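Student: This is the structure I want to talk about, given as structure tokens.
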Amino acid sequence: MSEKPPIQSGPKSVIKDDVATAMGKIPSGLFILSLLDDAGADDFMLASWVQQCSFSPLMVNIAIRSERSILSQLVPGKIFNLHIIKEGQNQMVGKFAKPVSGADQLKDLNLQREPNLPVVLLDTCAVLQCKAAGVLNAGDHQLLLGEVVSGTILAGGDPMVHVRKNARNY
């Protein structure tokens, strides 16, 4: 049995590759954020850094790369849906992996639409409807705070878990 080196406290020189690999072990889920833009068109974003951050009121935070155009839409009060992708939905992940707009993303998906609300992707595990509460600077990302105003289980199942190879990319 090989022994692991002890974790040392206090200042020391840290090997950056080890830190990146260790941070990559932080698990996350995979989510699709949907909203209606100012023109009433559907807009989407695949997200992996999502976490509950408050019990009362129920709130989530979502890390969004600073240059993503969807950030300009997420002003306080904006309603968005946060879909929890279920295990095995790799094809759905592929549809939303790159920033693209248009109806092609929705082709062959089971949807629910209500006037003036973001589309609901019915084949996901669950959906949380949120109201944007603010954005905080977090280096090369922005942290969107969203107050959860409603939610429901959709297709059920277990959520997809995502573990990265390292902390240098998604």
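Coordinate-derived values only; no laboratory data. These numbers come from a predicted model, not from an experiment. In this analysis, Cβ positions are derived from the backbone assuming ideal geometry, glycine residues included, and neighbour counts consider all displayed protein chains.
Student: Among the residues of region 109-139, which ones are more than 17 Å from Ile70 (Cα to Cα) and among the small types (Gly, Ala, Ser)? Outline the logic, then answer.
Tutor: First, the residues of region 109-139 that are more than 17 Å from Ile70 (Cα to Cα): 109-116, 120-128, 139.
Within region 109-139, Ala126, Gly139 meet the criteria.
Student: I'd like to verify a number: residues in region 146-170 that are free of Cβ contacts under 8 Å to residues at least 60 places away in the same chain and of a type in the set (Ser, Thr, Tyr), how many?
Tutor: 2
Student: Looking only at region 151-170, which residues are part of a strand (DSSP E or B) and of a type in the set (A, V, I, L, M)?
Tutor: Ile153, Val161 - these are the residues of region 151-170 that are part of a strand (DSSP E or B) and of a type in the set (A, V, I, L, M).
Student: Now, a different point. Can you name the number of the only condition in (1) part of a loop (DSSP other than H, G, I, E, B); (2) within 17 Å of the chain's Cα centre (by Cα) that Asn116 fails?
Tutor: (2)
Student: A follow-up question, please. Is it the case that region 127-145 has a residue that's assigned to a loop (DSSP other than H, G, I, E, B), surrounded by 13 or more Cβ atoms within 10 Å (Cβ to Cβ) and touching a residue at least 60 places away in the same chain (Cβ under 8 Å)? Before you say what the answer is, go through the steps one by one.
Tutor: So the first thing to find is which residues in region 127-145 are assigned to a loop (DSSP other than H, G, I, E, B), and the list is 139-140.
Filter again for surrounded by 13 or more Cβ atoms within 10 Å (Cβ to Cβ), leaving none.
Checked region 127-145: no residue is assigned to a loop (DSSP other than H, G, I, E, B), surrounded by 13 or more Cβ atoms within 10 Å (Cβ to Cβ) and touching a residue at least 60 places away in the same chain (Cβ under 8 Å).
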